[in-house]
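*Asks:* Here it is, the structure in full.
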Amino acid sequence: MNGELDRFASTVPPGAGAAVMGTAILSTGMAGVPVLWLSYVLVAIAAVLWLALAVLFLTRLLVHRARWVADADVPPSLTGVAGTCVLGTRLTILGWLPVSVALLALAAALWLVLLPLVLMHWKTPTVGVNFLLCVSTQALAVLAASVAIAEQLRWLAIVAGVLFLAGLVAYVSVLVTFDFRQVALGVGDHWVAGGALAISTLAATKLYLAAGLLGVSGGVLRVAALVLWALAAGWYLVLAVGEAIWRRPHYDVRRWSTVFPLGMTATAAINLGVAAQLPGIRTAGQVLIWPALVVWAAVAYGAANRLRSAALDVRGTP
């Protein structure tokens, strides 16, 4: 039995944390529409996925160290950081601050360990998954700002601001070497090019709400959030048109990296619209959350089929 579990676990890729990212951000977005029960269902699913992946990767670290090291030095490993932060942000909204603080500490430690490994093995030209360098950093900024606001911690708000700026630098550094042919050729993770700007929008929105703690002008942060969301919306349109022209209907685990940007663009719009008192942007987010949910359901169905096939293959392995 242990041998079968080990073989099954070996089929889980380092980017599996994107499933937590996509599910948790949809839960966050659904909290802004009048279907609150669905938000609770999604956060429960995200929590179960996170726990399962945490056990898996901890087991790899303790028992299969070589596999853990091999997985740790590639950009998809940063989905573990981002997924932990996105889940923590949702739990902050629910008032589970002690859990959110623990997840923030864990994500920060993981980011500090993984980031040097990923950068040491960096490859160009970059593709969509490389934007996780920005996403993981901005996810930390969002969770740090959320906890700072809840606990009125100025030092943590400052840390969030530094992470936000670092995330923008990371985005530009990836963009300048990005292979734009991915719009036509990518199999899912190319959407992170826009999702990274969407989570940057959410980070700017959180900092706008924390402007009093930071002692800076809220107007500057408000404008930054609006500009970032406009850019994210532009990417959304380009990528959606690309999907319509170059159709890629088959399942790939990297499609979870399509779910996250779709959900994040909608969630960022909802939060920005509420914070900046712009009902039009909030309504746009409430509309965009529904296609994100449809894509989540389709990808979840594909993932379930893939896992079932993997389980059957393992059972048939002598």
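The values are calculated or read from the model by the stated rules, or taken from the named source; none is laboratory data. Please read these numbers as outputs of a predicted model, since none were measured by experiment. Every residue, glycine among them, receives a Cβ derived from its backbone with ideal geometry; neighbour counts consider all protein chains shown. All accessible areas refer to the heavy atoms of the entire protein, side chains included, with ligands and DNA or RNA removed. Shrake-Rupley method; radii C 1.70, N 1.55, O 1.52, S 1.80 Å.
*Asks:* Using Cα springs under 10 Å in a Gaussian network model of the chain, which residue among Val295, Val55, Val192 shows the largest mean-square fluctuation?
*Replies:* The residue that fluctuates most here is Val55.
*Asks:* Could I ask something else about it? If amide H atoms are built 1.01 Å from N in the plane of the peptide, which residues on other chains or at least 5 residues away come under 5 Å of the amide H of Phe178?
*Replies:* Amide H neighbours of Phe178: Thr126.
*Asks:* Compute a Gaussian network model of the chain, connecting alpha carbons closer than 10 Å, and tell me which residue from Ala107, Ala150, Ala203 fluctuates the most.
*Replies:* Residue with maximal mean-square fluctuation among Ala107, Ala150, Ala203: Ala150.
*Asks:* Relative to the first principal axis of the alpha-carbon coordinates of the chain, what is the inclination of helix 279-316, with its axis defined by its Cα atoms, in degrees from 0 to 90 and to the nearest 10?
*Replies:* Value to nearest ten degrees: 10.
*Asks:* Shifting gears a bit: So for Tyr208, Tyr301, what's the accessible-area order with a 1.4 Å probe, most first? Write out the running numbers ahead of the final one.
*Replies:* Details: Tyr208 60, Tyr301 155 Å².
Largest to smallest exposure gives the sequence Tyr301, Tyr208.
*Asks:* Sticking with this one: Using θ = phi - 60° and the Karplus relation 6.51 cos²θ - 1.76 cosθ + 1.60, list the HN-Hα couplings for segment 180-189 in order, rounded to whole Hz, with x at every Gly or Pro.
*Replies:* Listing the rounded values in order: 5, 5, 4, 4, 9, 9, x, 10, x, 6 Hz.
*Asks:* To check my understanding: the extent here is largest minus smallest coordinate of the Cα atoms along each principal axis. What are those three numbers for segment 182-314, in Å, largest first?
*Replies:* Sorted from largest, the Cα extents of segment 182-314 read 58, 32, 23 Å.
*Asks:* Based only on the alpha carbon positions, what is the Kirkwood hydrodynamic radius of segment 67-140, in angstrom?
*Replies:* About 12.6 Å, per the Kirkwood formula over Cα pairs.
*Asks:* To the nearest 500 deg cm²/dmol, what mean residue ellipticity at 222 nm is calculated for the chain from DSSP H runs of n ≥ 4 alone, each contributing -39,500 (n - 2.57), summed and divided by the residues? Spell out each step's value before the answer.
*Replies:* Details: 14 runs with 251 residues, N = 318.
Estimated from H runs of four or more residues: -26500 deg cm²/dmol.
*Asks:* Please compute the Kirkwood hydrodynamic radius of the chain from all pairs of different C-alpha atoms, in Å with one decimal.
*Replies:* 19.5 Å is the Kirkwood radius here.
*Asks:* Tell me, what % of the accessible area of the chain is carbon and sulfur with a 1.4 angstrom probe?
*Replies:* Here it works out to 73 percent.
*Asks:* Translational D (Stokes-Einstein, µm²/s) of segment 217-290 at 4 °C and 1.567 mPa s when Rh comes from the Kirkwood sum over C-alpha pairs? Mind showing how you got there, number by number?
*Replies:* Details: Rh = 13.3 Å.
Reported coefficient: 97 µm²/s.
*Asks:* Two decimals is fine: what's Rg over Rh for segment 1-151, C-alpha atoms, Kirkwood radius as Rh?
*Replies:* Taking Rg over the Kirkwood Rh, I get 0.99.
*Asks:* Considering segment 23-93, what Rg and Dmax in Å follow from its alpha-carbon atoms?
*Replies:* My reading of the Cα-based Rg and Dmax gives 14.4, 47 Å.
*Asks:* Using only Cα atoms and rounding to the nearest 10 degrees, what angle (0 to 90) does helix 17-30 make with the longest principal axis of the chain?
*Replies:* Value to nearest ten degrees: 40.
*Asks:* Can you tell me what percent of all Cα-Cα pairs in segment 136-194 are more than 14 Å apart? Could you put the intermediate results ahead of the total?
*Replies:* Numbers: 1047 of 1711 pairs.
Of the Cα pairs, 61 percent sit more than 14 Å apart.
*Asks:* To the nearest 20 debye, what charge dipole does the chain have about its Cα centre, counting +1 at the Cβ of each Lys and Arg and -1 at the Cβ of each Asp and Glu? Present the calculation step by step, with values, prior to reporting the outcome.
*Replies:* Numbers: 18 positive and 10 negative charges, 32 e Å.
That gives the chain a dipole magnitude of about 160 debye.
*Asks:* Also, quick follow-up: Work out from phi, with θ = phi - 60° and the Karplus expression 6.51 cos²θ - 1.76 cosθ + 1.60, the ³J(HN,Hα) of each residue of segment 208-216, listed in order in whole Hz, and give x for Gly and Pro.
*Replies:* In residue order, the calculated couplings are 4, 5, 9, 4, x, 5, 6, x, 10 Hz.
*Asks:* Here's something else I'd like to know. Between Val127, Val69, Val187, find the one with the highest GNM mean-square fluctuation for the chain; connect C-alpha pairs within less than 10 Å.
*Replies:* Of Val127, Val69, Val187, the Gaussian network model singles out Val69 as fluctuating most.
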